[in-house]
1. Quick check on my link table: of LYS75/LYS119; LYS65/LYS85; LYS31/LYS75, which ones sit more than 19 Å apart, alpha carbon to alpha carbon?
2. Express in whole angstrom the spacing between the alpha-carbon centres of segment 60-88 and segment 121-141.
3. Sorted from fewest to most neighbouring beta carbons within 10 Å, what does the list LEU99, LEU129 look like?
4. Any chance you could list P(r) for segment 33-154, counting all Cα-Cα pairs in 10 angstrom bins from zero, rounded to whole %?
5. Run the quick spin-label model on THR135 and GLU97: label points 7 Å from Cα toward the beta carbon, then report their separation in nm to one decimal.
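Since every read-out is calculated from the coordinates, none of them should be taken as a lab result. Quick caveat, the model's predicted, so the values are computed rather than measured. Glycine also receives a Cβ, built like all others from the backbone with ideal geometry; neighbour counts cover every protein chain displayed.
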Amino acid sequence: MLPRFYRNLAAFVSLLFLGDAQADLIPSGHKSITHQLVFLDSPLLTEHRLIAAPVRGFGGFTEVKAGHPFYFSSKYGTKIYAVPKDYQPPTRYTPGEVLPFPQSEPPTNSITSVSLLQKTSRIETHCRLVAVTETSLEIEVIEEIWFDELNNVTTGGLSLLGKIAISLVGLAGCLALWVLKKIGKRQDSTNDQMHCVGNSQISE
């Protein structure tokens, strides 16, 4: 029987990687990635000044500039505001506080993790400011680009680790079939021998 220390350590590791403690962060078998928004340059973006702020949690205001990626969160919430050119964001911002300016949520949900087998490590969602009304912003998604660890554009295929894992699974499957065939041949050989022995006994 394992000492109490090792039993507790094993229980902690199981809880960390398989239990609810990990489920709120990264699901088992997944890896963390970054997802950012990028506003494309447009006349409306030149006319209006945009800032982004978290709805819940910690973090300050982010100045939204054309071509500059910035982080957003579906879990904690993000608001994008159109503010006056000379507006100074408050130094003390209460999460959940709503500013009295035209606003909108990000035009897409943030993706924070993918399968360990995928090569994706970063996502950029390119969008454009389409309209600004008295109360809201209209933002459209232009494209979503996925990048691998080397910052190359990817379609989300298998990473090197994923390819190795798939190869090992295939190799294990082939080995299992080979072992089963071996066992089957031995059983057939044993049955044939028993059949021959039985026939010889009957003949006698």
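1. Numbers: LYS75/LYS119 24 Å; LYS65/LYS85 13 Å; LYS31/LYS75 17 Å.
Among LYS75/LYS119; LYS65/LYS85; LYS31/LYS75, the Cα-Cα distance tops 19 Å for LYS75/LYS119.
2. 11 Å
3. Starting with the residue having the fewest Cβ neighbours, the order is LEU99, LEU129.
4. Distribution as computed: 13, 44, 32, 11, 1 percent.
5. Reported label-point gap for THR135 and GLU97 is 2.3 nm.
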